[in-house]
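The values are calculated or read from the model by the stated rules, or taken from the named source; none is laboratory data. Source: prediction; values computed, not measured. No Cβ is skipped: glycine too gets one built from the backbone with ideal geometry, and neighbour counts run over all protein chains shown.
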Ligand SMILES: Nc1ncnc2c1ncn2[C@@H]1O[C@H](COP(=O)(O)OP(=O)(O)OP(=O)(O)O)[C@@H](O)[C@H]1O
């Protein structure tokens, strides 16, 4: 399978500051990759290099089989900046028709693109009257011009309400299902957790974690939390068998290392009917993110 994006040992320095330090990443068609990192971690630098906007010092970068910024790569890559701005006096249809003309495509395709992102009904309204979520969708419609193979999205859901975020990710899911590769940066960890295939965490320009959420969870080996509800009258008996468990509002709460999880569950199961319920809470992406992107002394 031809990779859409192939980055190996990418390094970029700005006046002595290593913005990227030996970063590698492959994205295959249909894959959605989240780029996470604190402010200044190197996310924008990486995106700018992929788009061919700035040069890099060393390593290799192949975008749709070519050099970043080369005409072939530019034709197949779309970019949505964090705060995409559009002309408020233009309607959505006029704005997209304008971008289509700039790309040498028929302005008549505007309505199809707007329909694709759910803006069909508002297409003839001025963008100045659109909500932030609607403007982001205009941005996505613009990014879809020319059926790009790679979408580079810089914090595409920042400032969107939960429903707009969910709708936006549903659109991305559809695009990925059709074979588009997606690289997006985000600070909203919970949504990334559910809606991307792999996660790359940068910290100070270095790649500190890469993989599926399950991979990251395994590598981080963070403690698992459990909540045990005992049947009436049995909480003390259970507490005595679970060292470290504390009572919170009639339940028992405890944390354990990953490799202790199954033995502890077996011990709890041994209590049979004395246990009313048990909940196992794995570490969230937020816990995992903090673990990997901890900045010493900051
Ligand atoms: N043009 C530049 N000149 C000098 N230093 C730069 C330049 N662009 C970026 N940097 C530095 O490179 C590092 C990485 O910056 P970058 O903008 O890629 O981070 P980021 O992860 O996108 O941050 P944010 O989440 O704030 O957008 C930072 O230390 C930044 O100050």
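A few comments on the model shown:
- When 159, 179, 146 are checked against the criterion of being part of a loop (DSSP other than H, G, I, E, B) and closer than 19 Å to residue 199 by Cα, 179 stands alone in meeting it.
- Scoring residue 57 on the criteria (1) within 16 Å of the ligand (Cβ to nearest atom); (2) modelled with pLDDT of 95 or more; (3) buried (at least 20 other Cβ atoms within 10 Å of the Cβ) leaves a single failure, condition (3).
- Residue check, residue 45 surrounded by 14 or more Cβ atoms within 10 Å (Cβ to Cβ) and modelled with pLDDT of 95 or more: yes
- Residue in the stretch 37-48 that is more than 8 Å from the ligand (Cβ to nearest atom), free of Cβ contacts under 8 Å to residues at least 24 places away in the same chain, assigned by TED's automatic domain parsing to the domain that holds residue 69 and more than 14 Å from residue 208 (Cα to Cα) present: no
- Test: residue in the stretch 213-224 that is more than 16 Å from the ligand (Cβ to nearest atom) and either loosely packed, with under 11 Cβ neighbours inside 10 Å or in a strand (DSSP E or B) (or both): yes
- Of residues in the stretch 172-187 being surrounded by 19 or more Cβ atoms within 10 Å (Cβ to Cβ) and more than 16 Å from the ligand (Cβ to nearest atom), the one nearest to the chain's Cα centre (by Cα): 182
- In the stretch 188-201, the residue that is nearest to the chain's Cα centre (by Cα) out of those that are in a strand (DSSP E or B) and surrounded by 23 or more Cβ atoms within 10 Å (Cβ to Cβ) is 199.
- In the condition set (1) closer than 20 Å to residue 140 by Cβ; (2) touching a helix residue (DSSP H, G or I) at 6+ places or on another chain (Cβ under 9 Å); (3) in the same structural domain as residue 195 (by TED's automatic domain parsing), residue 27 is compliant with all but (2).
- Residue check: residue 254 meets all listed conditions (1) more than 23 Å from the chain's Cα centre (by Cα); (2) crowded, with 17+ Cβ neighbours inside 10 Å; (3) touching a residue at least 40 places away in the same chain (Cβ under 8 Å); (4) not in a helix (DSSP H, G or I) but one, namely (3).
- The listed residue being within 16 Å of the ligand (Cβ to nearest atom), free of Cβ contacts under 8 Å to residues at least 40 places away in the same chain and out of contact with any strand residue (DSSP E or B) (no Cβ under 8 Å at 6 or more places or on another chain), out of 129, 157: 157
- Tally of residues being within 16 Å of residue 136 (Cα to Cα) and without any contact (Cβ under 8 Å) to a residue 12 or more places away in the chain across the stretch 95-116: 1
- If the condition is being at pLDDT 95 or above and either within 15 Å of the ligand (Cβ to nearest atom) or farther than 20 Å from residue 197 by Cα (or both), then the stretch 15-32 contributes 19, 20, 21, 22, 23, 25.
- Selection status of residue 119, more than 18 Å from residue 179 (Cβ to Cβ), without any contact (Cβ under 8 Å) to a residue 60 or more places away in the chain and in a loop (DSSP other than H, G, I, E, B): yes
- Checked against the criterion of being within 16 Å of the ligand (Cβ to nearest atom), assigned by TED's automatic domain parsing to the domain that holds residue 154, on the phi > 0 side of the Ramachandran plot and at pLDDT 95 or above, the stretch 62-85 has no qualifying residue.
- Condition check for residue 52: assigned by TED's automatic domain parsing to the domain that holds residue 155, out of contact with any helix residue (DSSP H, G or I) (no Cβ under 7 Å at 6 or more places or on another chain) and within 30 Å of residue 293 (Cα to Cα): no
For every residue, the table says whether it meets (1) assigned to a strand (DSSP E or B); (2) in contact with a helix residue (DSSP H, G or I) (Cβ under 8 Å, 6 or more places away or on another chain).
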{"residue": "238", "(1), (2)": "no, yes"}
{"residue": "260", "(1), (2)": "no, no"}
{"residue": "263", "(1), (2)": "no, no"}
{"residue": "268", "(1), (2)": "no, yes"}
{"residue": "276", "(1), (2)": "yes, no"}
{"residue": "280", "(1), (2)": "yes, yes"}
{"residue": "292", "(1), (2)": "no, yes"}
